[in-house]
Amino acid sequence: LLVLPLFLNSQTAKAVTTQTTPNLYFGVDVAFESVAVTEQLIDNVSSYTNFFIIGCTGNYNLTRLTIISQYVYNKGLTFIVYSDDPRYPSSQWLQEAKTNWGSSFLGIYYLDEEGGKQLDQAKYPIVTNATDYSNAAESYVNILNRVLRNGTFSIAQRFAYPTEYQLFTSDYGLYWYDYEAGYNTVFTEFGVNSGNENYSRQLSIALCRGAATAFNQSWGVMITWAYNQPPYMENGSELYNDMMLAYENGAKYIIVFDSNANYTQNVLQQGQLDSMKQFWQYVQANPRTIIPVSDRTAYVLPEDYGYGFRGPDDKIWGLWNTDSLTID
């Protein structure tokens, strides 16, 4: 059975032990290309973040990647690299990254929203037809695993061995199957990218956290656009509340997305940056408590029941309409 731990936020949960320091990676995901603007942003946030995602919009520029990686490293931040092409970064670049930046280079953010695309049957979904739920689950996991770890054209073909580097992604559904396919960390998304701006953040957290717990992996939150047009991101107060919700519920990674629709410039304004700084100060003064899994409530789904959970009319695997179990 698919077990998804759903526990209340930490204001009502029982605390048993206290961490001396927060186990948290907090930072920004930059998707625009400008090296100069990216370096300026790193200068602005490096004193109140410890993590950075170097994005890419199809311009697979290893020189740019190396420059920004070194800049991030010099600021004392950890980082990962986005790719949607198995040839990027190259094997040589990866080996040099390990040599030059060691444990500061955490891995590769490879592909994006595969579960969500499956649910919405959008942008080349992994499974377009299946005989039943189990067939859909098996196909999704096997195909995605070949793309990630074990296929001839997988990103892992650039690795010395299939699990040499950690693999990350963001998604808004089917988290369990993302982990089963080979991801080490999934960021659940807050924002319009969830397919529904009214999508429950607490439910989104619970689904992702539960899957991560079952697979003994990490999870996090990616705070994306609140709007599909300027100003794109929610205001500073709303952003602070989202970061706090993620923190109180145990997210190991909390990331704020930064790019416009054309991936040409940043969108974060001073109000949002101030909220990020305020959040970082809170984190330093308020270490999290550890809630044992045994104290959580679990919601159990039937095996291979790939439901989207975005409302009563959401799809199962993107292929079937709701059934009697969904209504219940």
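The values are calculated or read from the model by the stated rules, or taken from the named source; none is laboratory data. Please read all numbers here as calculations on a predicted model, not as lab measurements. Reconstructed Cβ throughout: ideal geometry from the backbone, glycine too, with neighbour counts over all protein chains shown. We work out accessible area using only protein heavy atoms, side chains counted, and drop any ligands, DNA or RNA first. Shrake-Rupley method; radii C 1.70, N 1.55, O 1.52, S 1.80 Å.
Residues in the stretch 112-144 that are on the phi > 0 side of the Ramachandran plot and either of a type in the set (Phe, Trp, Tyr) or open to solvent by less than 30 Å² (accessible area, probe 1.4 Å) (or both): Glu113, Tyr124.
In this structure, does Tyr183 turn out to be farther than 16 Å from Leu119 by Cβ, surrounded by 24 or more Cβ atoms within 10 Å (Cβ to Cβ) and of a type in the set (Ser, Thr, Tyr)? Break it down into steps so the answer makes sense when it comes.
On the way: farther than 16 Å from Leu119 by Cβ: yes; surrounded by 24 or more Cβ atoms within 10 Å (Cβ to Cβ): yes; of a type in the set (Ser, Thr, Tyr): yes.
Yes; evaluated as a whole, the condition is true for this residue.
Filtered by the rule that a residue be assigned to a helix (DSSP H, G or I) and surrounded by 20 or more Cβ atoms within 10 Å (Cβ to Cβ), the stretch 257-272 gives a lone residue, Gln272. Being in contact (Cβ under 8 Å) with a residue 12 or more places away in the chain and over 15 Å from the mean Cα position of the chain (by Cα) is true for just one of Asp171, Asp112, Asp120. Which residue is that? Among Asp171, Asp112, Asp120, only Asp120 is in contact (Cβ under 8 Å) with a residue 12 or more places away in the chain and over 15 Å from the mean Cα position of the chain (by Cα).
Where residues in the stretch 275-318 are in a helix (DSSP H, G or I) and not hydrophobic (A, V, I, L, M, F, W, C), which of them is surrounded by the fewest Cβ atoms within 10 Å (Cβ to Cβ)?
Taking the stretch 275-318 as the starting set, the residues that turn out to be in a helix (DSSP H, G or I) are 275-285, 293-295.
From what is left, the residues that are not hydrophobic (A, V, I, L, M, F, W, C) are 275, 277-278, 281-282, 284, 294-295.
On the way: Ser275: 23, Lys277: 15, Gln278: 16, Gln281: 11, Tyr282: 14, Gln284: 11, Ser294: 6, Asp295: 13.
Applying the filter and picking the extreme gives Ser294.
Set side by side, the residues Asn228, Asn235, Asn241, Asn321 differ, and just one is more than 17 Å from Leu24 (Cα to Cα), open to solvent by 70 Å² or more (accessible area, probe 1.4 Å) and free of Cβ contacts under 8 Å to residues at least 12 places away in the same chain, which is Asn321.
Of all residues in the stretch 226-258, those being on the phi > 0 side of the Ramachandran plot and touching a Gly at 6+ places or on another chain (Cβ under 7 Å) number 0.
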